[in-house]
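Engineer: Handing you this structure, nothing more for now.
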Amino acid sequence: MAHAKPGNLTKADTSGAQTTIFSEKIEERRIILIGKLGAGKSHCGNGILGKQFFESRRCWSSVTRQCRYGSATRNKFLYRIYDTPGVNSPEELATSVDVETDIRRCLYCTSPGFHAIVLVLSAAERITKEDMAMLKKLDGLLGESAYKYMILMITKLEDDETVLHEMMTEAPQIVELNVKCRSRRVIFGNDATKIPDACVQKFDKMLTNLIKENAKQGSEYYRHKYYDEATKILEKDKSDYLKDHPDTSESVAFEIVRNRATEGLSPRDRELRSLNDPNCCTIS
Ligand SMILES: Nc1nc2c(ncn2[C@@H]2O[C@H](COP(=O)(O)OP(=O)(O)OP(=O)(O)O)[C@@H](O)[C@H]2O)c(=O)[nH]1
Ligand SMILES: [Mg+2]
């Protein structure tokens, strides 16, 4: 499958309304962002992409209401970023928007699997029961092995490890998370408009090491039990798309259907959503 290889894009890559032309082989880094409502997920996604792509703003209610996908090349890597709505958001409770289904669908769209799952934690808010419930929900969705791919990203804090360390001494839940993630954590600064370059560089380095480490241990990226089925569904979407648009390259067509499917717009969305059972988090 062309799309499953490290970004072998020779023609063009489309992300939303943006189209970028690539002429060389490029390595992919597929990343999913998760966390509580307003933690700064979209802001971090923009920081990793190196451009303002996801809507990120001050608001008393949920800004990202459905999963979104954006991509960009930076430092010779093709970043594919999946932004998600806040888990346990009031919208979910009030309007029965099923964020869990949304996130599960988004996981499938990271096909053939994500290199990192970034848990965004705001240093400006207290850890609540709601947060712990959110983590439990993610545990159920992804399974313990997902921690092998997790990076903690701390927002709304100056890049100062000493302060973070002090905060952690009073937060056993975060210490536990930090242990599970083998201290893979990065502070993303405290500027609503920009993420300091040093923080982004630290993240890049951490991600590179994480990918290397996981590759050594057998799987460079997290594979969900249903990735194969999900990939087949996306492949069918791609074939349909190519029938209607014969002049489009396979990589561009796959990019387009991946984008649509992430937002719940695959013609086979029902099939994608049906891929779940209580043990869906098993990883091959
Ligand atoms: N000062 C400061 N503001 C931040 C930081 N990160 C995010 N913000 C601001 O916090 C607000 C919420 O950020 P978003 O990126 O929209 O948060 P989100 O988690 O995507 O929010 P939802 O999509 O609603 O769940 C925005 O006004 C951001 O500019 C940070 O590190 N420091
Ligand atoms: Mg958002």
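Values in this text are rule-based calculations from the coordinates and carry no lab data. Being a predicted model, the structure only gives us computed values, none of them experimental. Note: ideal-geometry Cβ built from the backbone for every residue, glycine included; neighbour counts use all protein chains shown.
Engineer: For a protection proxy built on the mean count of beta-carbon atoms within 10 angstrom, sort 238-244, 26-32 highest first, please.
Structural biologist: 26-32, 238-244
Engineer: Taking just the C-alpha trace of the chain, give me its Rg and Dmax in Å.
Structural biologist: Computed over the Cα atoms of the chain, radius of gyration and Dmax are 18.1, 59 Å.
Engineer: For a label point 7 angstrom out from the Cα of Glu144 toward its Cβ, which stretches of the stretch 219-249 have the backbone nitrogen within less than 19 Å?
Structural biologist: Output list for this probe position: 219, 222-225.
Engineer: While we're on this one: Once Lys and Arg get +1 and Asp and Glu get -1 on their Cβ, which of Pro196, Ala215, Met167 lies farthest toward the positive end of the dipole of the stretch 141-240?
Structural biologist: Toward the positive end, the furthest listed residue is Ala215.
Engineer: Further question on the same structure: I want to check the label-to-label distance for Gln217 and Lys205. Put each point 7 Å from Cα in the C-beta direction and report it in nm to one decimal.
Structural biologist: 2.1
Engineer: What residues have an amide H closer than 5 Å to that of Glu55, excluding those fewer than 5 places away on the same chain, when H is modeled at 1.01 Å from N in the peptide plane?
Structural biologist: It is none; the list stays empty.
Engineer: Something else about it: 5 Å is the cut-off here: which amide hydrogens, built 1.01 Å from N in the peptide plane, fall below it relative to Val186, excluding neighbours closer than 5 in sequence?
Structural biologist: Leu152, Met153, Ile154
Engineer: Given the -39500 (n - 2.57) contribution per DSSP H run of 4+ residues, what per-residue ellipticity at 222 nm results for the chain, rounded to the nearest 500 deg cm²/dmol?
Structural biologist: Rounded to the nearest 500, it is -12500 deg cm²/dmol.
Engineer: Once you've got the GNM for the chain with C-alpha springs shorter than 10 Å, pick whichever of Ala124, Ala253, Ala261 has the biggest mean-square fluctuation.
Structural biologist: Ala124
Engineer: Next question. Going by amide H atoms built from the backbone, whose H comes under 5 Å of the H on Ser62, apart from near neighbours?
Structural biologist: Glu91
Engineer: Mind putting a number on the dipole of the chain about its Cα centre? Charges go on the C-beta only, +1 for Lys and Arg and -1 for Asp and Glu, and I need it in Debye to the nearest 20.
Structural biologist: 380
Engineer: Something else about it: Restricting to the stretch 2-228, what percent of DSSP beta bridges are antiparallel, rounded to 5?
Structural biologist: Bridges in the stretch 2-228 are about 35 percent antiparallel.
Engineer: Sort Val179, Val200 by Cβ crowding within 10 Å, fewest neighbours at the top.
Structural biologist: Listed from fewest to most nearby Cβ atoms, that is Val179, Val200.
Engineer: Can you report the principal axis dimensions of the stretch 192-284 using only the alpha carbons, biggest first, rounded to whole angstrom?
Structural biologist: 45, 36, 29
Engineer: Can you find, among Thr128, Ser71, Ile26, the residue sitting farthest towards the positive end of the charge dipole of the chain, where Lys and Arg contribute +1 and Asp and Glu -1 at Cβ?
Structural biologist: Result: Ile26.
Engineer: With θ set to phi - 60° and the Karplus curve 6.51 cos²θ - 1.76 cosθ + 1.60, what are the ³J(HN,Hα) couplings of the stretch 166-173 in order, to the nearest whole Hz, using x for Gly and Pro?
Structural biologist: After applying 6.51 cos²θ - 1.76 cosθ + 1.60, I find 4, 4, 5, 5, 9, 9, x, 5 Hz.
Engineer: Once the piece of chain linking Trp60 and Arg74 is laid out straight, how much longer is it, given 0.36 nm per residue of separation minus the C-alpha distance between them?
Structural biologist: Full-extension gain reported as 1.8 nm.
Engineer: Another one. Top mean-square fluctuation among His165, His43, His115, Gaussian network model of the chain, C-alpha springs under 10 Å?
Structural biologist: In this elastic network of the chain, the residue with the biggest mean-square fluctuation among His165, His43, His115 is His165.
Engineer: Return one number: the angle in degrees, 0 to 90 and rounded to the nearest 10, between the long axis of the Cα atoms of helix 197-216 and the longest principal axis of the Cα atoms of the chain.
Structural biologist: For helix 197-216, the angle is close to 70 degrees.
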